[in-house]
Amino acid sequence: MLSGRRLDLLDPSPVDVEIEDIAHGLARVARWNGQTKGAIPFNVAQHSLIVETFCGELKPGWPVKWRLAALLHDAPEFVIGDMISPFKAQLGGQYKIIENRLMQAIHLRFGIPAHLPETVERLIKRADQACAYFEAVQLAGFEPQEARKFFGEPKGVTPVTLTAMTTLEAQDAYLKRFAELSEARPPA
């Protein structure tokens, strides 16, 4: 990692995880494998910011630790990239094991339980699907009815108009939001 840490992908340690590495990596990973409209690819860091915002809209007053989990929901992609869901499904169990180990190390590093409660996972997934709907329609060439088929109708969130941030804008915004959430957390 650019921080100087060496992260073992097969046996990741929370002490080797740095938020600066996550933000740097996610801001450089394109959503939709880069198959989006515009001169700048829409990146995972920007997507994660929207998902976290949507979680706050869906569940006002949600504990800060769960908002932080929402911001970090795609954090393993900072080292393994963003693969489209159908391809992930074909890779099967070994990919999921690696992804889960990374997520557990990331969670533990930032004081989040290694395994999230199912209700938290479901809310983050709902926000993730809502964001994917807007991305599909505005950036990836889907018709609204096609996007609804794959991602459902976004409910309970404010519709967004997406404009891709540059890598540095997304990285800075991600780090800023992480700092805001971290500062807002009550002491353990």
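Tabulated values for the structure
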| item | result |
| --- | --- |
| Helical contribution to [θ] at 222 nm, DSSP H n ≥ 4, -39,500 (n - 2.57), averaged over the chain, rounded to 500 | -17500 deg cm²/dmol |
| Solvent-accessible heavy-atom area per residue, rounded to whole Å², over segment 74-131 at 1.4 Å | 52 Å² |
| Cα-based radius of gyration of the chain once divided by 2.2 N^0.38 Å, which approximates compact folds | 0.99 |
| Check: segment 61-188 dipole with +1 on Lys, Arg Cβ and -1 on Asp, Glu Cβ, in debye | 440 debye |
| Accessible area of segment 33-188 belonging to carbon and sulfur atoms, whole % at 1.4 Å probe | 55 percent |
| In sequence order, calculated HN-Hα J values of segment 178-187 (Karplus, 6.51, -1.76, 1.60; Hz; x Gly/Pro) | 4, 4, 4, 5, 4, 5, 7, 5, x, x |
| Close Lys-Lys pairs in the chain, where close means Cα under 20 Å and separation is 8 or more or interchain | 10 |
| Backbone HN-Hα couplings from phi across segment 23-38 [Karplus 6.51/-1.76/1.60, Hz, Gly and Pro as x] | 4, 4, x, 5, 6, 10, 9, 7, 6, 6, 6, x, 8, 10, 6, x |
| Accessible surface of ILE124 - all protein chains present, 1.4 Å probe, nearest 10 Å² | 10 Å² |
| Equivalent-ellipsoid semi-axes of segment 65-164, from the Cα gyration tensor, Å, largest first | 25, 17, 12 |
| Rounded tilt (10° steps) of 93-109 against the dominant C-alpha axis of the chain | 60 degrees |
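The values are calculated or read from the model by the stated rules, or taken from the named source; none is laboratory data. Quick caveat: nothing in here was measured; it's all calculated off a predicted structure. A quick note on method: Cβ atoms are made from the backbone with ideal geometry, for glycine too, and the neighbour counts reach across all protein chains shown. Only protein heavy atoms, including side chains, enter the accessible area calculation; ligands, DNA and RNA are left aside. Shrake-Rupley method; radii C 1.70, N 1.55, O 1.52, S 1.80 Å.
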